[in-house]
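Take a look at this one; I'll ask things after.
The values are calculated or read from the model by the stated rules, or taken from the named source; none is laboratory data. Everything numeric here is computed off the predicted structure, so don't read it as measured data. Methodologically, a virtual Cβ is constructed for each residue, glycine included, from the backbone with ideal geometry; neighbour enumeration extends over all protein chains shown.
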Amino acid sequence: MVTDPRLLLERLCAERGEDFAGLSRMLGRNPAYIQQYIRRGTPKRLKEDERRKLARYFSVSESLLGGPPENKRAPAGLVSVKRHPVGVSAGPGAVVTEELGKPYFAFEERWLKGLTPSEASKLSIVRVDGDSMAPTLNPGDDILVDLGDSVDRLRDGIYVLRIDDAVVVKRLALNPTGRRVTVQSDNPAYPDWPDCSLADVRPIGRVIWAGRRVV
């Protein structure tokens, strides 16, 4: 796991296609600010408000960018849900590799119970890669996955699936007879996979909520 805040920030920029100058301007700094921080070690530490903006922008824990360790308990009335910053592909298929940490999202408890009866330990937030589920889900969207709502309660809907070593997000349509499904993409540019066996398409959890950054 990457622990140096500078190396992590450089890696996040490379993975997301961000440039140092653009991030510097987002912080209200001169275009060379982030490059100097990463490459020259100046400043030694990011200011608190800068660290917070970058953490929210990349959806990672502030502690990974040099902030203090986070309190893992959510405020009263809120339920914390772990975020696993590995992508689920809405395209050819993403292979799950190293995670960058497990910061949490906090949801209002009553609102969350209106979505699912599952405990918070059975919920996970992951990020969407690819555009095969557009416009329903777009690249960069964060989705809330109910891991307790899987094969035993399977029905029509959007699910995170494991196919071989890849993890994908697709729409499932149950066939009228037998435990077979059609795997669908909401983007018409991608073909459906008809009459699939659940042994080959293994549901991990049902997608029950999505959030996205407005640009």
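Would you please name the residue that is surrounded by the fewest Cβ atoms within 10 Å (Cβ to Cβ), looking only at residues in segment 1-16 that are hydrophobic (A, V, I, L, M, F, W, C) and not in a loop (DSSP other than H, G, I, E, B)?
Going through the qualifying residues, I end up with Ala14.
Of the residues Asp165, Asp152, which single one is surrounded by fewer than 16 Cβ atoms within 10 Å (Cβ to Cβ), in contact (Cβ under 8 Å) with a residue 60 or more places away in the chain, assigned by TED's automatic domain parsing to the domain that holds Leu115 and out of contact with any helix residue (DSSP H, G or I) (no Cβ under 8 Å at 6 or more places or on another chain)?
The unique qualifying residue is Asp165.
Scan segment 140-167 for residues that are more than 25 Å from Ser80 (Cα to Cα), in a loop (DSSP other than H, G, I, E, B) and of a type in the set (A, V, I, L, M) and jot them down.
Answer for segment 140-167, where residues must be more than 25 Å from Ser80 (Cα to Cα), in a loop (DSSP other than H, G, I, E, B) and of a type in the set (A, V, I, L, M): just Leu154.
Starting from residues that are of a type in the set (S, T, N, Q) and in a strand (DSSP E or B), keep the ones in segment 168-202 and report whichever is surrounded by the most Cβ atoms within 10 Å (Cβ to Cβ).
Only one residue tops the list, namely Gln184.
Sort through Val145, Val160, Val151 and tell me the only one that's within 21 Å of Ala120 (Cα to Cα) and modelled with pLDDT under 90.
Val151
Find the helices (runs of 4 or more DSSP H) located wholly in segment 17-109 whose residues include 2 or more that are modelled with pLDDT of 85 or more and acidic (Asp, Glu), and list them.
Filter on segment 17-109 gives 48-58.
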